Amino acid sequence: MLPINRAEKLMSIFMLLFFSGSLNVFVSSLSLTLIRYSFSAIVLLLLIMRLKRTLDALKSAPFIVLLIALSSASFLWSEMPEITTNSIRGEILPMAIFSLYLASRFSLREQLELVVSALGISTLLSIFVVITNPAVGVHSNDVFAGAWRGVFEQKNTLSAHMALTVISCFTLSIKNSDRGSRLLGQIGLAAAIGTVILSTSKTGLIVSLLILAILIAYRFYQWKGKETILFLDLSAMALASTAVVVFSFWNPIMYGLGRDPTLTGRTLIWEIVIQKIWQKPLLGYGVSAFWATGSPYAVEVGINVANDYIPPHSHNGFLELALSIGLVGLTLFVVDFCQSYGLALQLAYKAKESSKIWPFAFLSFLLIYNMTESILMRLATIFWVVYVATSISLKLKKQ
């Protein structure tokens, strides 16, 4: 491997760690700011140096480009323009620049390896913090006492990252002729599953197991003529039947799992959030404005859930997008996601290596997890970075 290639891969792993929030425990806020802008400048320079590749990537995914442009312009109508401007400058644009770089510079296989490397390091760092500094790595003196949070601020954040680690490591370990990669994937898979369990998050565990089941059955999605059509028909029927059962017996199922039927107040939050979306349906409230400190909207939503409670977000990625950039932004995302998911399915049909299964695995994970958590374009997040990079890469591959 050429030194420049190795340096770019190491830089990319480091930036993925940065966007995951895995460095926050070890680095001061000033240093994080320096990392954000200095590395964004380096990536931007690399994009300019490879201008043709960069332009090809931009032209391949018009809906995601429009979505990012709309988000970047949302300070114009934001309820809190200063907060929105800071979010655009510190989160939206750095993530967009780095995602574009990943898609234009690395293949899907290389992106999968980079994601596994970054998340593997994040897993090790979380275990290290729990062992060496449990006051930081484990919840204490709160409702989550005893639950692991690792290098993250909350157990659910750890769980979401570990669930993605489970999916990416498992994907790397299947249909891979490289024995070293398979072994790395299997070790990472075991460590991530253990960490998800110790986080005590049922959402992370259920989503991990569900996506693993889908991936184990992915071979049936490969084109086999009438057999594939029959399998898809049966799958659709099974999913529809499951949905009917879940909705019919929602309360008993939730109580059986030891959960509140309102999903710890989520359904109460969604009810008010949907009402607020319809008050500003087209362009929303501006990026990061609705839940900002001092926002009357966040207080109003919290009052409907519990006394003295202010939710940090919608607990639903799609509602969060609609709050930030309205139904126009949500529509742009849905169109782009459907395009990407269709291409990912086509790629998985013919999969002969793990990298071709990765987009299908990741997009399935993203779709399911955002039903009860907000892990789309909210704050600086590895999930949005990987989504944009995957979306562009799929469309570039089509050309």
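The values are calculated or read from the model by the stated rules, or taken from the named source; none is laboratory data. On a predicted model such as this, the values are computed, not experimentally measured, just so you know. Neighbour counts are summed over all protein chains in view; Cβ atoms, including those assigned to glycine, are modelled from backbone coordinates with ideal geometry. Calculation scope for accessible area: heavy atoms of the full protein, side chains included, ligands and nucleic acids excluded. Shrake-Rupley method; radii C 1.70, N 1.55, O 1.52, S 1.80 Å.
For segment 325-338, the condition of being in contact with a Lys or Arg (Cβ under 7 Å, 6 or more places away or on another chain) and under 28 Å from Ile167 (Cβ atoms) holds for none of the residues.
State which residue is nearest to Leu32 (Cα to Cα) when the search covers only segment 374-394 and only residues that are in contact with a His (Cβ under 9 Å, 6 or more places away or on another chain) and open to solvent by less than 20 Å² (accessible area, probe 1.4 Å). So, considering only residues that are in contact with a His (Cβ under 9 Å, 6 or more places away or on another chain) and open to solvent by less than 20 Å² (accessible area, probe 1.4 Å), the one nearest to Leu32 (Cα to Cα) is Ile382.
Yes/no per residue for (1) open to solvent by 60 Å² or more (accessible area, probe 1.4 Å); (2) under 30 Å from Leu283 (Cβ atoms); (3) outside any helix (DSSP H, G or I):
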site: Glu79; (1), (2), (3): yes, yes, yes
site: Thr84; (1), (2), (3): no, yes, no
site: Leu100; (1), (2), (3): no, yes, no
site: Gly120; (1), (2), (3): no, no, no
site: Leu125; (1), (2), (3): no, no, no
site: Ile131; (1), (2), (3): yes, no, no
site: Val136; (1), (2), (3): no, no, no
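One residue stands out among those in segment 297-314 that are at pLDDT below 80 and polar (S, T, N, Q): the one that is surrounded by the most Cβ atoms within 10 Å (Cβ to Cβ), which is Asn304.
Looking across segment 341-373, the residues that are of a type in the set (A, V, I, L, M, F, W, C) and either open to solvent by 30 Å² or more (accessible area, probe 1.4 Å) or without any contact (Cβ under 8 Å) to a residue 60 or more places away in the chain (or both) come down to Leu343, Ala344, Leu345, Leu347, Leu363, Leu366, Leu367, Ile368, Met371.
Does segment 139-154 hold any residues that are within 19 Å of Leu23 (Cβ to Cβ) and crowded, with 18+ Cβ neighbours inside 10 Å, and which are they? Correct list: Trp148, Arg149, Gly150, Val151, Phe152. Evaluate segment 26-46: report whether one residue or more is at pLDDT below 95, at positive phi, out of contact with any strand residue (DSSP E or B) (no Cβ under 7 Å at 6 or more places or on another chain) and not hydroxyl-bearing (Ser, Thr, Tyr). Within segment 26-46, none of the residues are at pLDDT below 95, at positive phi, out of contact with any strand residue (DSSP E or B) (no Cβ under 7 Å at 6 or more places or on another chain) and not hydroxyl-bearing (Ser, Thr, Tyr). The lone criterion from (1) at pLDDT below 80; (2) assigned to a helix (DSSP H, G or I); (3) open to solvent by 80 Å² or more (accessible area, probe 1.4 Å) left unmet by Glu271 is number (1). Within segment 189-207, being modelled with pLDDT under 85 and buried (at least 24 other Cβ atoms within 10 Å of the Cβ) holds for Ser201, Gly204, Val207.
Evaluate segment 43-61: report whether one residue or more is surrounded by fewer than 23 Cβ atoms within 10 Å (Cβ to Cβ), under 23 Å from Leu343 (Cα atoms) and among the hydroxyl-bearing types (Ser, Thr, Tyr). Checked against the condition, which is being surrounded by fewer than 23 Cβ atoms within 10 Å (Cβ to Cβ), under 23 Å from Leu343 (Cα atoms) and among the hydroxyl-bearing types (Ser, Thr, Tyr), segment 43-61 yields at least one hit. Within segment 140-173, the set of residues being more than 17 Å from Ala190 (Cβ to Cβ) and in contact with a strand residue (DSSP E or B) (Cβ under 8 Å, 6 or more places away or on another chain) comprises Gly146, Ala147, Arg149, Lys155.
Let's see how each residue does on (1) at pLDDT 90 or above; (2) farther than 15 Å from Phe383 by Cα:
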| residue | (1), (2) |
| --- | --- |
| Leu119 | yes, no |
| Phe128 | yes, yes |
| Ile131 | yes, yes |
| Ala145 | no, yes |
| Asn156 | no, no |
| Phe170 | no, yes |
| Ser173 | no, yes |
| Ser177 | no, yes |
| Leu184 | no, yes |
